[in-house]
Amino acid sequence: KSVMIELPPLPYAQDALAPHISKETLSFHYGKHHKGYVDKANGMLEGSDLATLDLVPLIRKVAGDASRKGLFNNAAQIWNHDFYWHSMSPGGGGKPTGALADKIASDFGSFEAFTKTFKEAGAGQFGSGYCWLVLGPDGKLKVYGTANAETPIADTRDTPILTTDVWEHTYYLDYQNRRPDYLDAFLENLVNWEFAAANFEKANLQTA
Ligand code: FE2
């Protein structure tokens, strides 16, 4: 087949997150960066027996294999970006409700303590990467940053609940070097708690 991995659709219009993320940023980030990872991964998969794998099994198959680092980076970036787009919604922000809200309060102390931890991890992630909220195998929520294309989906230990991209291409056109301002906007105006709650519910069902 000619198309091995398809660029997943953006779940909203390219101007839907403005003014917090401009149409210009989203059109570059989705149309150039995300698409670029798809094109590069497909180029590397051309003629490979790995081309039959779905995206997550592919990422897990090549994770940790130094000779396939380029394929890992591009495949992981495809998954990470799709998860990031869904971690935001037009009119997002605010606070979670229901079971996820209770769990955040119990594992972090309070919602405010969670946002502080999340912002510190995002702002403190040196260079390019992501900031994640995950459910660990011990049944606890935790927050951490990962470098470059690294992703919790590369193994089965932690289940991703929410992420934000902290590569400069995410925020530079709108916030220049002010990553903390971008993280404030993400938490206050963009984060999609319904998506996070659905991921949390699914993760609970799997471990129950
Ligand atoms: Fe990105």
Which three extents, in whole angstrom, do the alpha-carbon atoms of the chain cover along their principal axes, largest first? 51, 42, 29
Got a sec to turn the phi values of the stretch 119-129 into Karplus ³J(HN,Hα) couplings, 6.51 cos²θ - 1.76 cosθ + 1.60 with θ = phi - 60°, whole Hz, x for Gly and Pro? 5, 5, 5, x, 6, x, 5, 6, x, 8, x
Long pairs among Lys32/Lys202; Lys69/Lys142; Lys142/Lys202, criterion Cα-Cα beyond 21 Å: Lys32/Lys202; Lys69/Lys142
Dipole in debye (nearest 20) - the stretch 120-190, about Cα centre, beta carbon charges: Lys, Arg +1; Asp, Glu -1: 160
Could you run the Karplus curve 6.51 cos²θ - 1.76 cosθ + 1.60 with θ = phi - 60° over the stretch 44-56 and give me ³J(HN,Hα) per residue in whole Hz, x for Gly and Pro? 6, 7, 3, x, 8, 5, 6, 5, 7, 6, 5, 4, 5
Stretched out fully, how many nm does the piece from Asn177 to Ser106 gain, at 0.36 nm a residue minus the Cα gap? 22.2 nm
About its Cα centre, how strong a charge dipole does the stretch 56-142 have in debye, to the nearest 20, once Lys and Arg get +1 and Asp and Glu get -1 at the Cβ? 220
Under a Cβ-only charge scheme (Lys and Arg +1, Asp and Glu -1), can you give me the dipole magnitude of the chain about the Cα centre, in debye to the nearest 20? 260
Quick one: what are the phi-derived ³J(HN,Hα) couplings along the stretch 5-20, Karplus 6.51/-1.76/1.60 with θ = phi - 60°, whole Hz, x for glycine and proline? 10, 9, 5, x, x, 5, x, 7, 5, 5, 9, 6, 9, 5, x, 5
Rounded, prolate or oblate: pick one for the stretch 29-127, where a ≥ b ≥ c are the square roots of the eigenvalues of its C-alpha gyration tensor, a/c under 1.5 means rounded, and failing that, prolate if a/b is larger than b/c, else oblate. prolate
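Every read-out reported here was derived from the displayed coordinates using simple, explicitly stated rules and does not represent laboratory data. This is a predicted model, so every value here is computed, not measured. Here Cβ is always computed from backbone atoms with ideal geometry, including for glycine, and neighbour counts include all displayed protein chains.
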